[in-house]
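**Q** The structure under discussion is supplied below as structure tokens; questions concerning it will follow.
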Amino acid sequence: MNPYAIARPLLFALDAERAHELVLRELDRSQRCGLLSTLAGRAVDDPVGLMGLRLRNRVGLAAGLDKNAAHLQALAALGFGFLEVGTVTPRPQPGNPRPRIFRVPQRHALINRLGFNNEGLDTFVRNLAARPLPVPVGANIGKNASTPIEQALDDYRCCLEAIFPIADYVTVNISSPNTRQLRQLQGGDDLMRILAGVTEARERLRAEYRRAVPLVLKIAPDLDGDQIDVIAQALLQHGFDGIIATNTTVARDGVAGLPHAEEAGGLSGAPVFAASNQVIARLRAQLPAGFPIIGVGGILSGADARAKIDAGADVVQIYTGLIYRGPALVRECARSLAAPAPVR
């Protein structure tokens, strides 16, 4: 029997954030004892190239589960093809008051308003440098809540400079709904300023460290077609290497009337699946063949992962699905995607 099927009712009896912390501690303990790889099973070997990186398979961990890059060895042992950790901000910040994660089990969904809670760059860099790992690791960067939106670029540059020597790729997160005004960076002059400034910093660091670090942008599912088209063209104009579609949604149509549905924050899980796929498809139509799209949002089965690829993604990431399905979801999705991908 799936061990997680036994553990889940006990975990769901706890506050969601407390359960999250408990699971990470237990994963670390199992990994140190050498048990985790046995429990998780052998990782699916389906190597794929993306942005100059070699991924073990097409299934990655989405940012948000490991804010401080503190559990990398254990997470890699679950069979992911790549990991993304963070979001990290220049200075430590506690995030929003608890409770701030809410389950909506009727729809296999979560609502979170964590607010980029993390221990800051110093801790993040120390943890990230303490590998090696069998898979690439991306760093997801954001701005501090106390930083005025007009100075957001300073925070992104600060993070990029600290992480550049050790990250395999860097994701610029301008799409969390839980940091005030952050999403306004997804359009207009704000978007162009962020992309241009981060790219300029990347080129300077590339020359200094003599290494290439791909830049990725993470966007929301709550964008209309015109906004998506502008973002696609901006990515090409400023030399970004990929895009992650999508973050959580502020819409509540998929959970209306259910307990916790009106809690503030970003909704993830099954209700964002279709919206995410629509954004992916629009991006694929606007971007050149071969431009990397990482599909995220509502993956709860291997079939869901395949649907992301069919919509236009090259690889996928999961997070909320782990809460509901457990580690077995990683291998299920990786096996589903090991079949030949569609030709585009």
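Listed here are the residues, each with its yes/no results for (1) charged (D, E, K, R); (2) buried (at least 22 other Cβ atoms within 10 Å of the Cβ); (3) in contact with a Phe, Trp or Tyr (Cβ under 8 Å, 6 or more places away or on another chain); (4) touching a residue at least 40 places away in the same chain (Cβ under 8 Å).
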| residue | (1), (2), (3), (4) |
| --- | --- |
| Leu133 | no, no, no, yes |
| Gly142 | no, yes, yes, yes |
| Ala152 | no, yes, no, yes |
| Ile174 | no, yes, no, yes |
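**Q** May I pose another question? Consider the range 78-100. How many of its residues are under 19 Å from Gly321 (Cβ atoms), in contact with a strand residue (DSSP E or B) (Cβ under 7 Å, 6 or more places away or on another chain) and not in a strand (DSSP E or B)?
**A** Qualifying residue count for the region: 2.
**Q** Could you list, in sequence order, the residues of the range 261-297 that are within 18 Å of the chain's Cα centre (by Cα), assigned to a loop (DSSP other than H, G, I, E, B) and under 16 Å from Thr248 (Cα atoms)?
**A** Gly265, Gly297 - these are the residues of the range 261-297 that are within 18 Å of the chain's Cα centre (by Cα), assigned to a loop (DSSP other than H, G, I, E, B) and under 16 Å from Thr248 (Cα atoms).
**Q** Going through the range 202-225 one residue at a time, which ones are surrounded by 13 or more Cβ atoms within 10 Å (Cβ to Cβ) and in a helix (DSSP H, G or I)?
**A** Passing the criteria: Arg202, Arg204, Leu205, Arg206.
**Q** Of all residues in the range 50-77 being over 14 Å from the mean Cα position of the chain (by Cα), among the small types (Gly, Ala, Ser) and part of a loop (DSSP other than H, G, I, E, B), which is nearest to Ile244 (Cα to Cα)?
**A** Ranking the qualifying residues of the range 50-77, first place goes to Gly52.
**Q** Still on this structure: Quick check on Arg331: is it surrounded by 16 or more Cβ atoms within 10 Å (Cβ to Cβ), under 30 Å from Glu26 (Cα atoms) and touching a residue at least 12 places away in the same chain (Cβ under 8 Å)? Please lay out each step first, then the result.
**A** Working: surrounded by 16 or more Cβ atoms within 10 Å (Cβ to Cβ): yes; under 30 Å from Glu26 (Cα atoms): yes; touching a residue at least 12 places away in the same chain (Cβ under 8 Å): yes.
In short, yes.
**Q** Tell me whether the range 174-188 contains one or more residues that are under 18 Å from the mean Cα position of the chain (by Cα) and basic (Lys, Arg).
**A** For the range 174-188, residues under 18 Å from the mean Cα position of the chain (by Cα) and basic (Lys, Arg): present.
**Q** Right, here's the next one. Kindly list, by first and then second residue, each pair from a residue in the range 1-23 that is over 20 Å from Leu65 (Cα atoms) to a residue that is among the small types (Gly, Ala, Ser), limited to pairs with Cβ atoms under 7 Å and residues at least 6 apart or on different chains.
**A** Correct list of pairs: Asn2/Gly326; Asn2/Ala328.
To keep it simple, each residue is scored yes or no on (1) touching a helix residue (DSSP H, G or I) at 6+ places or on another chain (Cβ under 8 Å); (2) surrounded by 13 or more Cβ atoms within 10 Å (Cβ to Cβ).
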| residue | (1), (2) |
| --- | --- |
| Leu10 | no, no |
| Asp15 | no, yes |
| Val23 | yes, yes |
| Leu27 | yes, yes |
| Ser30 | yes, yes |
| Gly34 | no, no |
| Gly41 | yes, yes |
| Val44 | yes, yes |
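**Q** Touching a strand residue (DSSP E or B) at 6+ places or on another chain (Cβ under 7 Å) and modelled with pLDDT of 95 or more: is that true of Ala285 in this structure?
**A** The answer is no for Ala285.
**Q** Let me ask you something else. Looking at Asp154 and the list (1) more than 29 Å from Ser30 (Cα to Cα); (2) part of a loop (DSSP other than H, G, I, E, B), which single condition is not satisfied?
**A** (2)
**Q** Only one of Leu236, Leu258, Leu300 is outside any helix (DSSP H, G or I) and touching a Leu at 6+ places or on another chain (Cβ under 8 Å); which?
**A** Leu300
**Q** Then there's this: Among the residues of the range 34-55, what is the count of those that are touching a strand residue (DSSP E or B) at 6+ places or on another chain (Cβ under 7 Å) and in contact (Cβ under 8 Å) with a residue 60 or more places away in the chain?
**A** Total satisfying the criteria: 5.
**Q** Okay, moving on. Condition test on Val125, is it at negative phi, without any contact (Cβ under 8 Å) to a residue 60 or more places away in the chain and either of a type in the set (A, V, I, L, M, F, W, C) or part of a helix (DSSP H, G or I) (or both)?
**A** Taking the combined requirement at face value, the residue satisfies it.
The values are calculated or read from the model by the stated rules, or taken from the named source; none is laboratory data. A quick note: this is a predicted structure, and the numbers were derived from the prediction, not measured. Don't worry about glycine lacking a Cβ; one is built from the backbone with ideal geometry, like all the others, and counts go over all protein chains shown.
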